[in-house]
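One structure is given below, encoded as structure tokens.
The values are calculated or read from the model by the stated rules, or taken from the named source; none is laboratory data. Note that this is a predicted model, so its numbers are computed, not measured. No Cβ is skipped: glycine too gets one built from the backbone with ideal geometry, and neighbour counts run over all protein chains shown.
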């Protein structure tokens, strides 16, 4: 199938735009930050390790001296940190044009967040669900602002589902299934937020994207053989960032789109609109996940 090629050169001038990138200090997040800052956006790196965040900000400024880059502390494994970040951000900024829910953890040993959530579900989904909800008043004040939630090919892995009977994997932890659950949750959330905004007539956009197989720090928990195989078959982070950048900036989108690489099995290639799993479009599943997420985080959405 032929796809019109999209590149970062097509991104328009972003002066006056304010952007948050979670996990913006390395890998895909850093690549996104470099590009958006070079286009004039004020980029906030929302990071757990502020020392690494400052180093990343310096790297971006060295590449683009006129860029505006700031670092703010955000630990998605701690809802108190999420609330503090949201409050501080809204004290400093009067608009939010692009929120990229990018940070994540991938297949670590079983551990819990500060609030008692399995780390992958807690960081990848619940932390971003809470962050987006807390920032929603500012997002909705910014016309045509968009939220981009980063998922992965794990949403189509065999057996991927939302395991409501044991969301925190307290009985039998399967790190691969737990990761696929969190990535399916990302897409369900992105689609449901878009549906809710459309139903309310809100002029904001919720989209989803995935980087295909890309070399990032997320693979650190893989065993040696799997890590070597993944690196051999992966594309560089610069390419993996493109579907996310397209979702964040393409003026032709309407909300609800999902972007990924154009190549075989969506592993590599140019950024195009792609299909997610059938389960990702299950509205009843999305509504149940939304309700449970509000209950677990204590963050209630006004839509």
Can you find a residue that is modelled with pLDDT under 95, over 22 Å from residue 14 (Cβ atoms) and assigned to a helix (DSSP H, G or I) anywhere in region 199-212? no
Counting just the residues of region 216-241 that are buried (at least 21 other Cβ atoms within 10 Å of the Cβ) and in contact with a helix residue (DSSP H, G or I) (Cβ under 6 Å, 6 or more places away or on another chain), which one comes out modelled with the lowest pLDDT? 216
For region 146-159, what are the residues that are in a loop (DSSP other than H, G, I, E, B), surrounded by fewer than 22 Cβ atoms within 10 Å (Cβ to Cβ) and on the phi < 0 side of the Ramachandran plot? 157, 158
What are the residues in region 242-262 that are assigned to a loop (DSSP other than H, G, I, E, B) and either buried (at least 24 other Cβ atoms within 10 Å of the Cβ) or touching a residue at least 12 places away in the same chain (Cβ under 8 Å) (or both), if any? 250, 251, 253, 254, 255, 256, 257, 262
First in region 184-211 and closer than 18 Å to residue 274 by Cα, second anywhere and assigned to a helix (DSSP H, G or I) and modelled with pLDDT under 95, Cβ under 7 Å, 6 or more apart: 184/155; 187/155
Filter result (modelled with pLDDT under 95 and crowded, with 24+ Cβ neighbours inside 10 Å) within region 91-145: none
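To keep it simple, each residue is scored yes or no on (1) out of contact with any helix residue (DSSP H, G or I) (no Cβ under 9 Å at 6 or more places or on another chain); (2) part of a helix (DSSP H, G or I); (3) within 20 Å of residue 206 (Cβ to Cβ).
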| site | (1), (2), (3) |
| --- | --- |
| 83 | no, yes, no |
| 125 | no, yes, yes |
| 132 | no, yes, yes |
| 162 | no, no, yes |
The residue from 12, 8, 34, 73 that alone is more than 16 Å from residue 249 (Cβ to Cβ) and modelled with pLDDT of 95 or more is 73
From 82, 69, 47, which residue is under 15 Å from residue 130 (Cβ atoms) and buried (at least 22 other Cβ atoms within 10 Å of the Cβ)? 82
Does region 118-129 contain any residue that is without any contact (Cβ under 8 Å) to a residue 40 or more places away in the chain and touching a strand residue (DSSP E or B) at 6+ places or on another chain (Cβ under 8 Å)? no
